[in-house]
Amino acid sequence: MAGITTHVLDTDRGRPAAGVRVDFSVLEDGRWRLIKSVVTNADGRTDAPLLPADQARTGQYQLEFHVDAYFKARSGTDEADIFIDDPVVRFAVFDAKQHYHVPMLCAPSSFTTYRGS
């Protein structure tokens, strides 16, 4: 499997983060161009890959995770506890034949990402 995928986990509650908007962009001519915006499903995943294998290209990509709205809408979270609003993850695809999975693990005061499988 090639292409680019993501998922969002609410590590504060230990479950998938449903309803999080994710903006997916590519760097072209020195500027970020939005490719698409998607919303995570009940499993914290997107319904389809952000970039399917047949469209994968080398280049610089960006994911903006709109977790601020997710945490503000979540019951039991005080707005004053939200330290990280909408983290941006930039990464490079050097081999378009490989799969690039970029998960977001988030809590109101922190986030972690890595290249998953």
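The values are calculated or read from the model by the stated rules, or taken from the named source; none is laboratory data. Because the structure is a prediction, the values reported are computed rather than measured. In this analysis, Cβ positions are derived from the backbone assuming ideal geometry, glycine residues included, and neighbour counts consider all displayed protein chains.
Annotations for the structure displayed:
- Of all residues in the stretch 61-82, exactly one satisfies the criterion of being among the aliphatic types (A, V, I, L, M) and assigned to a strand (DSSP E or B), namely Leu63.
- Enumeration of residues in the stretch 27-37 that are assigned to a strand (DSSP E or B) and either more than 20 Å from Asp68 (Cβ to Cβ) or of a type outside the set (A, V, I, L, M, F, W, C) (or both): Leu27, Glu28, Arg31, Arg33, Ile35, Lys36, Ser37
- Filtered by the rule that a residue be closer than 9 Å to Gly44 by Cβ and either outside any strand (DSSP E or B) or free of Cβ contacts under 8 Å to residues at least 24 places away in the same chain (or both), the stretch 16-25 gives Ala17, Ala18, Val20.
- Condition met for Thr40 (within 15 Å of Tyr70 (Cβ to Cβ), among the β-branched types (Val, Ile, Thr) and touching a residue at least 40 places away in the same chain (Cβ under 8 Å)): no
- Ala92 at pLDDT 95 or above and within 22 Å of Gly30 (Cα to Cα): yes
- Residues in the stretch 10-37 that are buried (at least 18 other Cβ atoms within 10 Å of the Cβ) and not charged (D, E, K, R) were compared, and the one that is farthest from Pro108 (Cα to Cα) is Ser25.
- Screening Asp43, Asp85 for residues that are touching a helix residue (DSSP H, G or I) at 6+ places or on another chain (Cβ under 9 Å) and assigned to a loop (DSSP other than H, G, I, E, B) leaves exactly one candidate, Asp85.
- Only a single criterion out of (1) assigned to a loop (DSSP other than H, G, I, E, B); (2) modelled with pLDDT of 95 or more is not satisfied by Met1, namely (2).
- Unmet requirement for Ala80, which otherwise passes all of (1) exposed (fewer than 12 other Cβ atoms within 10 Å of the Cβ); (2) farther than 15 Å from Ile35 by Cα; (3) touching a residue at least 12 places away in the same chain (Cβ under 8 Å): (3)
- Test: Tyr114 is at pLDDT 95 or above, buried (at least 16 other Cβ atoms within 10 Å of the Cβ) and within 16 Å of His7 (Cβ to Cβ): no
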